[in-house]
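Below is one structure, written out as structure tokens; the observations come after it.
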Amino acid sequence: MRGADSYNEALFSTVKLEEFVPQTHPLRPIRKWMNDALSKMDVKFSAMYEADVKGGRPSIAPEKLMRAMLLQVLYYSVRSERQLVEQISYNLLFRWFVGLSIEDTVWNHSVFSKNRDRLIEFDTVTDLFNATVEMAQGRGLLSGEHFSVDGTLIHAWASQKSIRRKDGSDGDRPPEDWHGESRSNETHASTSDPQSRLYRKSSAAPALPSYLGHVLTDNRHGLVVNVQASAADGHAERDVAERMLSDVARPDVRITVGADKAYDTRGFVKACRKMNVTPHVAQNLKRTGGSAIDGRTTRYAGYAVSQRKRKRIEQCFGWGKTIGPIRQVMMQGLEKVDQLLTLTMAAYNLTRMRTLANVRPQCA
């Protein structure tokens, strides 16, 4: 018998959001680990809002905001915070992940921008990332001795039209009339994002307003153990790599780091050896003066292993630019770009650990 096409909305409902999410859904372990990490940050969250204790309405719980921000990274189709809030309002899966009930009213999209400065001030995203590294360490997913380092280009939220002369000598020249003009970071800057710099990694590509993202990964399973964004210039990759390696270097144990030919400079190799780090850097034999790496390093089997393992670092960059939002960031300023990159790598670690949940850890 044909059913009637009728709709009668019940006045009361006893259905729980938990019942709508399958037990095998991939977001379930990520939400559990996320909640474990946020529970350890309770003291910092209290300090963030300590100045507002005197009065006023209760703000949105920072735990909910952090889950919503992570959700936007995990779902690349959510392009903006305005669209994220819209989808949370009708998407039951999103409501469940953030921690809102069916009856709860979703906050305005401007809440994100108002709270971002507070999150940057207290470095909460870095604490979340560090919590994912501690989880991986507790599960035996890190070697702690063999690493890889690399950098990637992050396009800034600025166009070629925003590049103008610093001295204002453009006059009445229209912004779109820039073709054929010689530009450099010494004479030009973006009016919409002054901290971005013209940069390109390939001679075949145009120089665009950009930042650089730097990542240090553990070779055992390719998990990210350190991350940082910087201004785009030719020395940033090696300078930031030295700082990240100094955080993991150990005076009692010699560690290794794999890297591509861009790191084959005498300064970087010397700095690594000074920190008790063996530089397993790809040889750049075309460089003037030859490679800084010789047979004393390349003759060992570990060098070949590091060269194979270092290619895994491209997976986190690829994930961050196809699934995540770091191909071209939709925010301006180095601090905000660094926060977004760190949050993206935290999401990558959680996703990677979910994949490795049933895999026995193996040595690098």
| field | Accessible surface of THR24 - all protein chains present, 1.4 Å probe, nearest 10 Å² | value | 120
| task | For ARG28 paired with HIS235, estimate the spin-label separation in nm (one decimal), with each label point 7 Å from Cα along the Cα-to-Cβ line. | result | 5.3
| Share of segment 1-153's accessible area from carbon and sulfur, percent, 1.4 Å? | 51
| note | Expressed per residue, the solvent accessible area of the chain in Å² (1.4 Å probe) is about 54
| Rounded to a whole number, what % of the accessible area of segment 238-364 do carbon and sulfur atoms account for, probe 1.4 Å? | 49
| query | If you average the sequence gap of Cα pairs under 8 Å that are 6 or more apart and divide by the length of segment 94-208, what percent do you get for the contact order? | reply | 18
| Calculated FRET value between ARG287 and THR191, using beta carbons and R₀ = 45 Å, to 0.05 | 0.75
| request: Return the distance in nm (one decimal) between the two label points of a simple spin-label model at TYR49 and SER246, each offset 7 Å from Cα along Cα→Cβ. | output: 3.7
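GLN160 to ARG82: extension gain in nm, 0.36 nm per residue of separation minus the Cα-Cα distance?
Values: separation 78, 0.36 × 78 = 28.08 nm, distance 2.58 nm.
Taking GLN160 through ARG82 to full extension adds about 25.5 nm, to one decimal.
Please report the antiparallel percentage of DSSP beta bridges with both residues in the chain, rounded to the nearest 5. Mind showing how you got there, number by number?
On the way: 22 of 31 bridges.
Expressed as a percentage, antiparallel bridges in the chain total about 70.
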| task | Mind giving me the nanometre distance, one decimal, between the label points for ARG183 and PHE20, set 7 Å out from Cα along Cα→Cβ? | result | 4.6
| Of the residues ARG296, ARG28, ARG310, which exhibits the maximal mean-square fluctuation in a Gaussian network model of the chain defined by a 10 Å Cα contact cut-off? | ARG296
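When Lys and Arg each count +1 and Asp and Glu each count -1, what net charge do the other residues less than 11 Å away from SER101, Cβ to Cβ, add up to? Walk me through the numbers on the way to the answer.
Working: positive: LYS16, ARG95; negative: GLU18, GLU103, ASP104.
Value of the local net charge: -1.
Give me the net charge of ARG238's neighbourhood, meaning all other residues with Cβ under 13 Å from the Cβ of ARG238; Lys, Arg count +1, Asp, Glu -1.
Details: positive: ARG243, LYS261, ARG266, LYS270; negative: ASP150, ASP233, GLU237, ASP239, GLU242, ASP260, ASP264.
After counting each charged neighbour, the total is -3.
SER101 to ASP36: FRET efficiency via 1/(1 + (r/R0)^6), r the Cβ-Cβ distance, R0 22 Å, to the nearest 0.05? If you can, show how the numbers build up before the last one.
Details: r = 22 Å, r/R0 = 0.98.
E between SER101 and ASP36, to the nearest 0.05, is 0.55.
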| task | Choose one answer from SER184, SER148, SER169: the residue with the largest mean-square fluctuation in a GNM of the chain with alpha-carbon springs under 10 Å. | result | SER169
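Measure up LYS270/LYS311; LYS166/LYS336; LYS64/LYS114; LYS44/LYS64; LYS114/LYS336 against 18 Å on the Cα-Cα distance and list the ones that go over.
Numbers: LYS270/LYS311 23 Å; LYS166/LYS336 23 Å; LYS64/LYS114 15 Å; LYS44/LYS64 15 Å; LYS114/LYS336 13 Å.
LYS270/LYS311; LYS166/LYS336, as the Cα separations exceed 18 Å there.
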| Structure-derived Rg/Rh (Cα atoms, Kirkwood Rh): which label, when the choices are (i) 1.13; (ii) 0.95; (iii) 1.03 | (iii)
| Gaussian network model of the chain, Cα within-10 Å springs - most flexible of THR124, THR256, THR297 | THR297
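The values are calculated or read from the model by the stated rules, or taken from the named source; none is laboratory data. A quick note: this is a predicted structure, and the numbers were derived from the prediction, not measured. Quick reminder, even Gly has a Cβ in these numbers, built from the backbone with ideal geometry, and neighbours come from all protein chains shown. Calculation scope for accessible area: heavy atoms of the full protein, side chains included, ligands and nucleic acids excluded. Shrake-Rupley method; radii C 1.70, N 1.55, O 1.52, S 1.80 Å.
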